[in-house]
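The values are calculated or read from the model by the stated rules, or taken from the named source; none is laboratory data. Everything numeric here is computed off the predicted structure, so don't read it as measured data. Backbone-built Cβ (ideal geometry, glycine too); neighbour counts: all protein chains shown. Remember, those area values only see protein heavy atoms, side chains included, never the ligands or the DNA or RNA. Shrake-Rupley method; radii C 1.70, N 1.55, O 1.52, S 1.80 Å.
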Amino acid sequence: MKLIEEVMTATEAAEKWHLAGRTIQQACTGQKGFPPRFTPDEARKTGRIWLVTREGMERVYGPQPED
């Protein structure tokens, strides 16, 4: 797999894993007093966009579902 395919936006990750975009954003920021589910090596914010790694998505949500 190409390195560029290892990083995606939260919206793109949500589509690939069949989740709501807000679900990924909350995993990046934490919610209701809980810490973020992604480590600093798995997610970061650039401007208004959250970027997440495939490795982080697989650790938190399991393998990417087949389409």
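Would you work out the relative contact order for the chain, in percent, from Cα pairs under 8 angstrom that are 6 or more residues apart?
Working: 75 pairs, mean separation 23.5, N = 67.
It comes to 35 percent, rounded to a whole number.
Run the dipole for segment 1-60 about the Cα centre, Lys and Arg Cβ at +1, Asp and Glu Cβ at -1, nothing else charged, and hand back the magnitude in debye, nearest 20. It would help to have the intermediate numbers written out before the result.
Numbers: 10 positive and 8 negative charges, 60 e Å.
Approximately 280 debye in magnitude.
Can you give me the % of accessible surface on the chain that is carbon or sulfur? Probe 1.4 Å, all protein chains present, nothing else counted. If you can, show how the numbers build up before the last one.
Numbers: 2540 of 4820 Å².
Its accessible area is 53 percent carbon and sulfur atoms.
Packing-wise, with mean Cβ within 10 Å as the measure, how do 24-30, 1-7 rank, highest first?
Numbers: 24-30: 19.1, 1-7: 8.7.
Output ranking for 24-30, 1-7: 24-30, 1-7.
At 1.4 Å probe size, with every protein chain present, just tell me what the per residue accessible area of the chain comes to in Å².
72
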